[in-house]
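Asker: My structure is below; once you've seen it, I'll send some questions.
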Amino acid sequence: MRLRANWLQLARYGIVGGLGYVISIGSFAVLHHAGVGSSLAATGAFCLALTNNFFWNRHWTFRARDGHAGFQATRFFVIHLSAFLFSLVVLRALIDVAGVAPVMAQAIAVLAAAPPNFIGHRIWSFRV
């Protein structure tokens, strides 16, 4: 992290993650208020954010256009799915055990999964 380029990459990842976060929380809220259960709403939100984040991280954050998109997508999906499963456990615990409102619980759960998600993408998905 001594190099300026690493900090810029982290900032780009944060911007993409912020956009994905807005997409995730917004779509979760819409689905939840439409009567979709919390776990299914979280899954739908995950799919939308995953698509957005892969495109922008591949093309802008990690600038990994030279790598094979299919391999990168598979790795990205595995890392993102792992983070999603972790966030789903956090979501259920916050709602079922702590009594947190579903949209707030989703917001916290997605944030909790962000740091390991970045590390996984940086060292494996796009191999920077």
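Asker: At 1.567 mPa s and 4 °C, plugging the Kirkwood radius over alpha-carbon pairs of the stretch 40-91 into Stokes-Einstein gives what diffusion coefficient in µm²/s?
Answerer: Numbers: Rh = 11.6 Å.
Estimated via Stokes-Einstein, D reaches 111 µm²/s.
Asker: If you don't mind, another one. May I ask you to derive the relative contact order of the chain, considering only C-alpha pairs under 8 Å and at least 6 residues apart, and to give it as an integer percent?
Answerer: Values: 112 pairs, mean separation 35.1, N = 128.
Once normalised by length, the contact order is 27 percent.
Asker: Restricting everything to alpha-carbon atoms, can you work out Rg to Rh for the chain with a Kirkwood hydrodynamic radius? The partial results should precede the final answer.
Answerer: Values: Rg = 14.9 Å, Rh = 14.9 Å.
Using Cα coordinates only, the ratio equals 1.00.
Asker: Sort the following peptides by mean Cβ neighbour count (other Cβ atoms within 10 Å, averaged over residues), highest first: 16-23, 92-99. Each step should come with its number before you reach the end.
Answerer: Numbers: 16-23: 17.4, 92-99: 12.9.
With the highest mean Cβ count within 10 Å placed first, the list reads 16-23, 92-99.
Asker: Between the stretch 67-82 and the stretch 88-121, what is the C-alpha centre distance in whole Å?
Answerer: Each part's Cα centre sits 22 Å from the other's.
Where a number appears in this text, it was derived from the coordinates with a stated rule and is not lab data. Predicted model, so just to flag it, every value in this text is computed and none were measured. When we count neighbours, we look across all protein chains shown, and the Cβ atoms used for this are built from the backbone with ideal geometry, even at glycine.
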